[in-house]
1. What are the residues in the range 99-114 that are buried (at least 20 other Cβ atoms within 10 Å of the Cβ) and in a helix (DSSP H, G or I), if any?
2. Please go through the range 234-255 and give me each residue that is polar (S, T, N, Q) and over 18 Å from Ala161 (Cβ atoms), ordered by number.
3. Condition first: part of a helix (DSSP H, G or I) and without any contact (Cβ under 8 Å) to a residue 60 or more places away in the chain. Can you find one or more residues in the range 264-278 that meet it?
4. If a residue must be part of a loop (DSSP other than H, G, I, E, B) and touching a residue at least 24 places away in the same chain (Cβ under 8 Å), how many such residues does the range 120-129 contain?
5. Within the range 280-303, take every residue that is among the aliphatic types (A, V, I, L, M) and open to solvent by 10 Å² or more (accessible area, probe 1.4 Å) and give me the one that is farthest from the chain's Cα centre (by Cα).
6. Among the residues in the range 256-264, are any assigned by the TED database to the domain that holds Ile81, closer than 27 Å to Ala106 by Cβ, among the acidic types (Asp, Glu) and at pLDDT 95 or above?
7. Only one of (1) more than 17 Å from Leu153 (Cβ to Cβ); (2) not in a loop (DSSP other than H, G, I, E, B) is not met by Ser117, so which one is it?
Amino acid sequence: MAAVGLTAVAAWVPCRSWGWAAISFGPHRGLSALLPRKPQRAPRWLPVCRQKTSVSFLNRQDLPKLAYKRLKGKSPGVIFIPGYRSDMNGTKAMAIEEFCKSLGHACIRFDYSGVGSSDGKPEECTVGKWRKDVLSIIDELAEGPQILVGSSLGGWLMLHAAIAQPDKVVALIGVATAADSLVTQFNQLPVEVKKEVEIKGVWSMPSKYHEEGFYHIPYSFIKEAEHHCLLHSPIPVNCPIRLLHGMKDNIVPWHTSMQVADQVVSKDVDVILRKHSDHRMKKKADIQLLVYTIDDLIDKLST
């Protein structure tokens with residue numbers, strides 16, 4: 001299958017039992033080459049009985065305290081970076097921690113400042129401040145090499161973290177990666193709507209995932225986010241990258257993951273599309289694909 005506008009050869013591998021297809025960029029032996037998985041490495045995710053990890057707080061000078069949960073274990077460790085205003089107790093975060101526990105690998109999940117159990121005011125949050133939060137977690141809590149798993153806006157931030165910490169970030173997994181997404185969506189609004197948002201100071205962005213049916217995003221948040229856009233030029237990330245995306249995603253189109261794959265300089269990139277999955281990618285098969293992808297990268301980095 002030829003992919004329009006891509007600079008690398010893409011191999012399309014359909015997988016009937018999963019309902020997904022992998023597009024591989026570059027001459028590497030990626031996930032599509034390794035599935036079906038070896039029985040002895042089958043992930044033991046979401047067990048019936050869960051051992052709870054306690055909440056801790058990262059104190060930072062002149063910055064809000066960050067709530068986090070850390071599971072100690074082998075390297076590479078895994079850090080989950082949540083989506084817009086999402087906390088560390090979501091389905092994907094919990095499943096990743098349980099999977100890491102089953103393999104004996106380290107795992108960290110956390111709340112952004114102004115979100116969940118962390119300090120900070122929600123109205124003062126920005127992409128730049130959340131970027132600092134991610135880097136604080138990596139710098140001050142993570143030991144050794146790390147695989148970052150970014151969900152939605154967290155996928156945008158994981159790219160920034162990989163740029164800032166290339167020696168410590170050894171692989172990336174994006175789930176519905178929302179690189180530049182809020183800025184892109186805002187810029188696509190009619191001129192009169194953008195002007196109204198600028199005057200009111202807030203954008204009520206429709207979302208079926210919010211109880212009110214809207215996310216109320218400050219205009220200042222959008223303007224600040226413009227300083228962190230990445231898709232306008234090559235993205236200097238060289239580590240292995242896996243981008244998972246649902247083709248039924250009506251929040252962040254799956255083409256965004258294709259754009260990221262095209263812009264990163266890494267030659268080890270797979271885009272994996274699930275035909276019937278939506279933005280959250282939290283169905284059982286979505287979670288299983290996610291932990292298989294983590295398992296695959298741990299294997300790759302350990303050999």
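The values are calculated or read from the model by the stated rules, or taken from the named source; none is laboratory data. Keep in mind that this is a model prediction, so the values were computed, not measured. Please note: Cβ atoms are built from the backbone with ideal geometry, for glycine as well, and neighbour counts cover all protein chains shown. Accessible surface is based on the protein model in full, side chains and every heavy atom, while ligands, DNA and RNA are left aside. Shrake-Rupley method; radii C 1.70, N 1.55, O 1.52, S 1.80 Å.
1. So in the range 99-114, the residues buried (at least 20 other Cβ atoms within 10 Å of the Cβ) come out as 99-100, 105-113.
Matches in the range 99-114: Phe99, Cys100.
2. Asn250
3. Step one: of the range 264-278, the residues part of a helix (DSSP H, G or I) are none.
Among the residues of the range 264-278, not one is part of a helix (DSSP H, G or I) and without any contact (Cβ under 8 Å) to a residue 60 or more places away in the chain, which makes the answer no.
4. Residues of the range 120-129 that are part of a loop (DSSP other than H, G, I, E, B), as a first pass: 120-121, 125-126.
Those still in the list that are touching a residue at least 24 places away in the same chain (Cβ under 8 Å) too: 120, 125-126.
Residues that pass the stated criteria total 3.
5. First pass over the range 280-303, keeping only residues among the aliphatic types (A, V, I, L, M): 281, 285, 287, 289-291, 294, 297-298, 301.
Now drop any that are not open to solvent by 10 Å² or more (accessible area, probe 1.4 Å), which leaves 285, 301.
Values: Ala285: 17, Leu301: 19 Å.
Checked the range 280-303; the qualifying residue farthest from the chain's Cα centre (by Cα) is Leu301.
6. Looking only at the range 256-264, we keep the residues that are assigned by the TED database to the domain that holds Ile81, and these are 256-264.
Now drop any that are not closer than 27 Å to Ala106 by Cβ, which leaves 257, 260, 264.
Then keep just the ones that are among the acidic types (Asp, Glu); that gives none.
No, the conditions are met nowhere in the range 256-264.
7. Only one criterion is unmet by Ser117, namely (2).
Rundown of residues vs (1) farther than 15 Å from Thr293 by Cα; (2) modelled with pLDDT of 55 or more, yes/no style:
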{"site": "Phe25", "(1), (2)": "yes, yes"}
{"site": "Leu35", "(1), (2)": "no, no"}
{"site": "Lys69", "(1), (2)": "yes, yes"}
{"site": "Gly73", "(1), (2)": "yes, yes"}
{"site": "Pro76", "(1), (2)": "no, yes"}
{"site": "Ile79", "(1), (2)": "no, yes"}
